[in-house]
1. So which strands (runs of 3 or more DSSP E) are wholly in the stretch 279-379 and hold at least 2 residues that are in contact (Cβ under 8 Å) with a residue 60 or more places away in the chain and within 16 Å of the ligand (Cβ to nearest atom)?
2. In the stretch 174-193, which residues are near the ligand (Cβ under 10 Å from one of its atoms) and within 22 Å of the chain's Cα centre (by Cα)?
3. Within the stretch 209-218, which residues are more than 18 Å from residue 446 (Cα to Cα) and buried (at least 23 other Cβ atoms within 10 Å of the Cβ)?
4. If I filter the stretch 195-203 for residues that are more than 10 Å from the ligand (Cβ to nearest atom), assigned by TED's automatic domain parsing to the domain that holds residue 364, out of contact with any helix residue (DSSP H, G or I) (no Cβ under 6 Å at 6 or more places or on another chain) and in a loop (DSSP other than H, G, I, E, B), do I get at least one hit?
5. Can you tell me which residue among 221, 181, 233 is touching a residue at least 60 places away in the same chain (Cβ under 8 Å), touching a strand residue (DSSP E or B) at 6+ places or on another chain (Cβ under 6 Å) and surrounded by 24 or more Cβ atoms within 10 Å (Cβ to Cβ)?
6. Could you identify the single residue in 308, 319, 380, 298 that is farther than 30 Å from residue 163 by Cβ and within 20 Å of the chain's Cα centre (by Cα)?
7. Anything in the stretch 251-260 that is within 16 Å of the ligand (Cβ to nearest atom) and in a loop (DSSP other than H, G, I, E, B)? List them, or say none.
8. Scan the stretch 56-71 residue by residue and report those that are touching a helix residue (DSSP H, G or I) at 6+ places or on another chain (Cβ under 7 Å) and either within 25 Å of residue 269 (Cβ to Cβ) or within 15 Å of the ligand (Cβ to nearest atom) (or both).
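The values are calculated or read from the model by the stated rules, or taken from the named source; none is laboratory data. Bear in mind that the values here come from a model prediction, so they are computed numbers and not experimental data. Counting neighbours? That spans all protein chains shown, and the Cβs are built from the backbone with ideal geometry, glycine included.
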Ligand SMILES: Cc1cc2nc3c(=O)[nH]c(=O)nc-3n(C[C@H](O)[C@H](O)[C@H](O)COP(=O)(O)OP(=O)(O)OC[C@H]3O[C@@H](n4cnc5c(N)ncnc54)[C@H](O)[C@@H]3O)c2cc1C
């Protein structure tokens, strides 16, 4: 490459809250490229319903010690204390910042910011925009990003390969069918979760673990990939992308019922419906073994139509399209894959152990969540550690960096990957590790996943979306199952 127009000060892979917020927190003198592999709204951030947890202008005697305690209890005290401290102490400043960027959080009749309660929280501290908080937060930050002249924003740009080079990193990116190389001294991976490695997930189609795979291939440490959160209350209709019935529905008083339309949580946990997600999901699976049925329901009809349609408009409307009026009917639910606690290991500045490589949001492992994420702590994690990544990179950009280029080889006479690989991996994962791991299935699945992974790594395949995502799913399944067996 003889000109370096594809050289940036920083490249950010991912345009959910993690990637966008990192970009907007960097100085306007920094040349930044942000890419996302589909449309801007196809990301988990856009789907977030419940809200963002924070002790900001606290009510009900809330304080950061209580937020810390709740985070530790949900995480089974396996959380990293340094990261949790950063998370809860810097939360208020990030909430204030995103409000200043235009985020419209709900307010009460006096114009004060409203907060809701969710499972595992001892106080009302969840800032929300009705039941579509993620869409609103992402919109506000994305609008701010789009106004910045220093930020180039590319949609439908798939990072296929990422390598470490002399001056930093080079990425092979597929844009409109053309492979383009982008280089930068600093790369931020903000590629989201891994939900699509399962048959049933709340995650969008982008959640195939591409960033985790790229980091793994570069030798970065990947931590606790088998720490997967299964949300207890996804709408149960056997769709691959499951619609989430937010935690805040239980927070606002919904009961969980078994196939006999009886409450059952008292048999498993004293916190009843407000126990953390892992406890509730596990209780549902154990209860289903007792009753021999996977029929479960949420019941919040007693709150009435006016309240429910105002407080949960998106959920209310969605359920109506399914023939369910939540003000009258029971809502069929069942657990499904929802969130990844593990990921690319980072320090409290979002730095991986590959010099110059950062990871933020769901693809990262900051250690804040321990064994189980407390509801509404993940948007907060993406904000807090995205800001820290931006600060860390900005400080280093004072150092001299020379633009550089790089050329990737493209395989000749390559063929398309065989069909059915991704479906096979999903079936393996669903059988091997759904809420409660099955060691025998995991072992058998691991052997097959190893074969698939090797085939993709050594075969002569066209480097396109199908190949990239199949290799990511195989790599992610490989790492998870290796931890489980
Ligand atoms: C249904 C649902 C409800 C949720 N509710 C809440 C909630 O109420 N509160 C809360 O705190 N959390 C919630 N979460 C979790 C939270 O939304 C996510 O953890 C968080 O938004 C992740 O943000 P992110 O920026 O890391 O990833 P995402 O928002 O998923 O963004 C990932 C980005 O990476 C891009 N990308 C991926 N691979 C590539 C590649 N190879 N090349 C180029 N780009 C790539 C994608 O295109 C996308 O832009 C919810 C999640 C779901 C699914």
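1. Values: elements: 296-299, 331-340, 343-345, 357-359.
The qualifying strands (runs of 3 or more DSSP E) are 331-340, 343-345, 357-359.
2. Result: 189, 190, 191, 192, 193.
3. Let us first name the residues in the stretch 209-218 that are more than 18 Å from residue 446 (Cα to Cα), namely 210-212, 214-215, 217-218.
Result: 210, 211, 212, 214, 215.
4. yes
5. On the way: 221 fails: surrounded by 24 or more Cβ atoms within 10 Å (Cβ to Cβ); 181 fails: surrounded by 24 or more Cβ atoms within 10 Å (Cβ to Cβ).
After ruling out the rest, the residue left standing is 233.
6. Residue meeting the stated conditions: 380.
7. Of everything in the stretch 251-260, those that are within 16 Å of the ligand (Cβ to nearest atom) and in a loop (DSSP other than H, G, I, E, B) turn out to be 252, 254.
8. Those that are touching a helix residue (DSSP H, G or I) at 6+ places or on another chain (Cβ under 7 Å) and either within 25 Å of residue 269 (Cβ to Cβ) or within 15 Å of the ligand (Cβ to nearest atom) (or both): 56, 67, 68, 71.
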